[in-house]
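Inspection log for the structure reproduced underneath, given as structure tokens.
The values are calculated or read from the model by the stated rules, or taken from the named source; none is laboratory data. Quantities reported herein were computed from a predicted structural model and do not represent experimental measurements. When we count neighbours, we look across all protein chains shown, and the Cβ atoms used for this are built from the backbone with ideal geometry, even at glycine. Surface areas here come from the heavy atoms of the whole protein model, side chains and all, with no ligands, DNA or RNA. Shrake-Rupley method; radii C 1.70, N 1.55, O 1.52, S 1.80 Å.
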Amino acid sequence: MTFIVVEGPEGAGKSTLVRWLAERFQADGRPVVTVREPGGTPVAEAARKVVLHFPHDLAAAEELFLFLAARAHVVRTVIRPALEAGHVVLADRFELSTMAYQVAGGGLPYDEVVRANRLATGGLVSDLTLVLDVPVAVGRERQRAARKVQDRIERQDDAFHRRVLEAYRTARGPGVVHIDAAQSKKAVQDAAWREVMTVTALSTRGVS
Ligand code: Z5A
């Protein structure tokens, strides 16, 4: 069982990489489950609609609990069962998004958010977190070219997005690996696969 998270700011290429990794695992005959956060279950998709597309103002703490409600449900009903069944789980965003957007961006207190997140996940942590690093302008341009409709968080001001990017760039911890995502898709995929091979080899041997 291996839990891999792909993180980074908007337009960094997370969804593209998650799709590629899933196909790569399947080609190797490894069962894989993918989730995107917030989302992945009817409850989490409902929370996603409220937190990202609800037309009214939401304070940072209100956003936090919607993201965490979505996370709690997808962890309990999808991620843990898949890991217990021996599948690889690939998540498009997880805890680090909360630390980047609601703590660094929204100004919520770090320690309290860490505790609230732990309550939502039951202490589940990833084996590997790939942080895709791309300048804000490059990510925005990719989204614009892909004609993505901006959500409520993406409409925050530039200072908010600079704090988010800085939080990603300074993120450290067990299993956290940074990848330069301004490179070609192929270069990003190769770099990601090298990291994935390291953790999956360890978990196959029962080391992690
Ligand atoms: N949020 C939060 O605040 N707190 C939380 O705890 C959580 C989330 C979990 C979810 O957004 C929002 O929720 C997000 C944070 C917040 N909002 N903001 N800001 P989302 O799921 O709707 O999507 P996103 O992650 O913000 O954006 P995205 O556009 O889906 O980004 P992406 O997945 O990183 O990019 P992509 O879709 O893979 O690629 C975008 C385009 O770039 C596409 O045309 C690709 O073909 C292209 N691309 C990808 N890689 C490359 C490379 N290497 N070169 C050139 N072009 C590339």
### Charge dipole (the range 64-208, unit charges on Cβ, about Cα centre) - positive-most of Ala70, Ala191, Gly173
Ala70
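Could you tell me the relative contact order of the range 1-132? Use alpha-carbon pairs under 8 Å, at least six residues apart, and round to a whole percent.
Values: 189 pairs, mean separation 58.3, N = 132.
Value for the range 1-132: 44 percent.
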### Message
Based only on Cα atoms, what mean projected area does the convex hull of the chain have, in nm²?
### Response
11.0 nm²
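With a 1.4 Å probe and all protein chains left in place, how much accessible area per residue does the chain have, in Å²? Show your work: numbers first, answer last.
Values: 10400 Å² over 208 residues.
Heavy-atom SASA per residue in the chain reads 50 Å².
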### Task
Could you sort 54-60, 135-141, 23-29, 72-78 so that the peptide with the highest average Cβ count within 10 Å comes first and the rest follow in order?
72-78, 135-141, 23-29, 54-60
### Task
For the range 90-208, calculate the relative contact order in percent as a whole number, restricting contacts to Cα pairs under 8 Å that are 6 or more residues apart.
35 percent
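Counting only protein heavy atoms and using a 1.4 Å probe, what share of the accessible area of the range 2-202 belongs to carbon plus sulfur, as a whole percent? If you can, show how the numbers build up before the last one.
On the way: 5400 of 9740 Å².
Here carbon and sulfur together make up 55 percent of the probe-accessible area.
Length gain on complete extension for the stretch Asp28 to Ala85, per 0.36 nm per residue less the alpha carbon to alpha carbon distance?
Numbers: separation 57, 0.36 × 57 = 20.52 nm, distance 1.75 nm.
The span from Asp28 to Ala85 would gain 18.8 nm if fully extended.
Once you have the Cα-Cα distance between Glu141 and Asp57, take 0.36 nm times their residue separation minus that, and quote the gain in nm to one decimal.
Working: separation 84, 0.36 × 84 = 30.24 nm, distance 2.62 nm.
Here the answer is 27.6 nm.
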